[in-house]
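Enquirer: Following this message is one structure expressed as structure tokens.
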Amino acid sequence: MAEHAEHPAYPVGLRLSGRRVVVVGGGQVAQRRLPALIAAGADIVLVSPSAKPSVEAMAEAGEIRWERRRYAEGDLTGAWYALIASSDPAANHTASAEAERARIWCVRSDDAEAATAWTPATGRSEGVTVAVLTGHDPRRSAAVRDAIVEGLRDGTLAAPHHRSRTPGVALVGGGPGDPDLITVRGRRLLAEADVVIADRLGPRDLLDELGPHVEVIDAAKIPYGRAMAQEAINDALIEHAKAGKAVVRLKGGDPFVFGRGMEEAHALAEAGIPYTVVPGISSSISVPGAVGIPVTHRGVAHEFTVVSGHVAPDDDRSLVDWAALASLRGTLVLLMAVDKIGAIAEALVAHGKAPDTPVALVQEGTTAAQRRVDATLATVAETVRTEGIRPPAVIVIGEVVALGDGQ
């Protein structure tokens, strides 16, 4: 291969679905490369007397066939592609020679110069495969790959669709407030949007990154203030999607955790509008975590319950069994409950919860304005008044509160 060293590798994408691929060696290289070969649909034969546990699991799951022995001449017969990665240099050399004679493209993990193919640093983002080769500098290849894939995922690297796309709506969970906590898919869809209909509790900082052509519609549902009726939100989603635009409904937290996401999904389905749901990090677990409170902990809490506190326990509209909640030993997380916490605390105590049960109130969790105030069920109502706690706030009730650092 030395005489060809001055020539660059010719990049190509191999379509290996249903085609025989032989992997020699079941160690770390196989562990890293096999998942991509499996995803490509290759008919994979592993030849190795031993294998890493994760590789063995692939064989047990039927994803690969494992010949539990050393490489033998003829093992590459019928193969379209070979990965030589055993710990035996002699076996690697012999297998590579067989591949050369049979004109089988062959990757050598121990000797790139002796290989007839090189594995690029590969990454994928929504149907785009990025493969980078930089000769003999694999770390640089990986760094370039990572930069490109990250740019595609977060929208900082524009890659518009030039073929016609199907208009529709993405119901995107934006997470608890910190713009870094939206999913990479959610951020990419925002970058591709023509219209964004945003809640007040969504990650507001992301709106500043949108292009000037993007129409932003304020769907803020400020408690006891101005609100955009749900019917109007549904109508706006349908109207813009029917106009052929890519629409993102940006919500705080997760669309299906007290987010009315299913109401919007039903409205879109009835109107014949295609939609996709992008889950988000729910504030019910992320906000407590941001202030050092685990919602579960070994020996303290084996379950946690998330409850909407927007209606009082004595309200006829309430669907919550407060007596059952009071009997649980785990963690109780309340959302939208700031102004009802006094009545909720009274109901829990009346049904048997200890008045000294720890309570944490976390206002504006994960944002620069994050604030935590601790209390008990007996004192939480007064604490809310004296400390001026305002929504949005997550309220955590249970012994896990005492595990946090109180910051």
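The values are calculated or read from the model by the stated rules, or taken from the named source; none is laboratory data. The model shown is predicted, which means the values in this text are computed figures rather than measured ones. In this analysis, Cβ positions are derived from the backbone assuming ideal geometry, glycine residues included, and neighbour counts consider all displayed protein chains. When the accessible area is computed, the model is the full protein with side chains, heavy atoms only, and any ligands, DNA or RNA have been set aside. Shrake-Rupley method; radii C 1.70, N 1.55, O 1.52, S 1.80 Å.
Enquirer: Mind checking the angle between helix 138-154 and the chain's longest principal axis? C-alpha axes, 0 to 90 degrees, to the nearest 10.
Expert: It is inclined by approximately 40 degrees.
Enquirer: Separate question: State, to one decimal in nm², a quarter of the convex hull surface area for the C-alpha atoms of the stretch 17-113, i.e. the direction-averaged projected area.
Expert: On the way: hull surface 21.6 nm².
So the Cα hull casts an average projection of 5.4 nm².
Enquirer: Looking at the square roots a ≥ b ≥ c of the eigenvalues of the Cα gyration tensor of the stretch 91-141, which shape do they give, rounded for a/c under 1.5, prolate if a/b is larger than b/c, or oblate? If you can, show how the numbers build up before the last one.
Expert: Values: a/c = 3.35, a/b = 1.89, b/c = 1.77.
Prolate, because a/c is 1.5 or more and a/b exceeds b/c.
Enquirer: A further question on this structure: Suppose every Lys and Arg Cβ carries +1 and every Asp and Glu Cβ carries -1, with no other charges. What dipole size does the stretch 103-154 come out with about its Cα centre, to the nearest 20 debye? Kindly include the intermediate steps, with their values, before the conclusion.
Expert: Details: 7 positive and 8 negative charges, 27 e Å.
The calculation lands at about 120 debye.
Enquirer: Continuing with this model, one more query. Under 4 °C and 1.567 mPa s, how fast does the chain diffuse according to Stokes-Einstein, given a Kirkwood radius computed over C-alpha pairs? Answer in µm²/s, whole number. Don't skip to the answer; put the middle values down first.
Expert: Numbers: Rh = 25.4 Å.
Answer from the Stokes-Einstein relation: 51 µm²/s.
Enquirer: On to the next question. How large, in Å, is the stretch 278-396 by the Kirkwood hydrodynamic radius built from its alpha-carbon pairs?
Expert: Details: mean 1/r = 0.0692 Å⁻¹.
In the stretch 278-396 this quantity evaluates to 14.4 Å.
Enquirer: Another question, if that's okay. Between A147 and A9, what is the FRET efficiency for a Förster distance of 22 Å, r being their Cβ-Cβ separation, to the nearest 0.05? Let's see the in-between values first.
Expert: Values: r = 20 Å, r/R0 = 0.93.
Plugging the Cβ-Cβ distance into 1/(1 + (r/R0)^6) gives 0.60.
Enquirer: Ok, one more. Looking at the stretch 223-315, which chymotrypsin sites (Phe, Trp or Tyr not before Pro) are in a loop (DSSP not H, G, I, E or B) and have at most 10 other Cβ atoms within 10 Å? Write out the running numbers ahead of the final one.
Expert: Numbers: sites: Y224, F256, F258, Y275, F304; in loops: Y224, F256, F258.
Sparse-neighbourhood loop chymotrypsin sites (Phe, Trp or Tyr not before Pro): Y224.
Enquirer: What whole-number distance in Å separates the alpha-carbon centres of the stretch 1-67 and the stretch 255-303?
Expert: 38 Å
Enquirer: Calculate, for the chain, the solvent-accessible area per residue in square angstrom, rolling a 1.4 angstrom probe over the heavy atoms of the protein chains.
Expert: Details: 21800 Å² over 407 residues.
With all protein chains present, the chain gives 54 Å² per residue.
Enquirer: Another question, if that's okay. May I ask you to derive the FRET efficiency for S54 and A271 from their Cβ-Cβ distance with R0 = 45 Å, giving the value to the nearest 0.05? Write down the numbers at each step before the final one.
Expert: On the way: r = 46 Å, r/R0 = 1.02.
For R0 = 45 Å, the calculated efficiency reads 0.45.
Enquirer: Could you grab the relative contact order for the chain? Cα pairs under 8 Å, six or more apart, rounded to a whole percent.
Expert: On the way: 780 pairs, mean separation 42.0, N = 407.
10 percent.
Enquirer: For a Förster distance of 41 Å, can you work out the FRET efficiency between the beta-carbons of V300 and E113, rounded to the nearest 0.05?
Expert: Working: r = 58 Å, r/R0 = 1.40.
FRET efficiency, V300 to E113: 0.10.
Enquirer: Sticking with this structure for a sec: Distance between the C-alpha centers of the stretch 180-211 and the stretch 68-100? Whole Å please.
Expert: Comparing the Cα centres of the stretch 180-211 and the stretch 68-100, I get a distance of 50 Å.
Enquirer: What percentages, rounded to whole numbers, describe P(r) for the stretch 228-322 computed over all alpha carbon pairs with 5 Å bin width beginning at zero?
Expert: Result, from short to long distances: 2, 10, 16, 17, 16, 13, 11, 8, 4, 2, 0, 0 percent.
Enquirer: While we're looking at this one, here's another question. Less than 25 Å apart at the alpha-carbon level, and either on another chain or at least 8 residues along: which lysines does that give for K340?
Expert: Partners found: K221, K251, K353.
Enquirer: Mind checking the dipole of the chain: about its Cα centre, +1 per Lys or Arg Cβ, -1 per Asp or Glu Cβ, Debye to the nearest 20? Spell out each step's value before the answer.
Expert: Working: 41 positive and 51 negative charges, 163 e Å.
Here the size comes out at about 780 debye.
Enquirer: Helix-derived [θ] at 222 nm for the chain: sum -39500 (n - 2.57) over DSSP H runs of at least 4, divide by residue count, nearest 500? Let's see the in-between values first.
Expert: Numbers: 11 runs with 115 residues, N = 407.
After summing the helix terms and dividing by residue count, I get -8500 deg cm²/dmol.
Enquirer: Exactly which GluC sites (Glu not before Pro) in the stretch 252-326 are in a DSSP loop and have at most 13 other Cβ atoms within 10 Å? Walk me through the numbers before you get to the answer.
Expert: On the way: sites: E263, E264, E270, E303; in loops: E303.
Sparse-neighbourhood loop GluC sites (Glu not before Pro): E303.
Enquirer: Then there's this: Suppose we take every Cα in the stretch 324-392 and form the convex hull; what volume per residue is that in Å³?
Expert: Residue-normalised Cα hull volume stands at 81 Å³.
Enquirer: Also: May I ask which residue of P392, A232, A142 lies farthest towards the positive end of the charge dipole of the chain, with charges of +1 (Lys, Arg) and -1 (Asp, Glu) on Cβ and the Cα centre as origin?
Expert: Result: A142.
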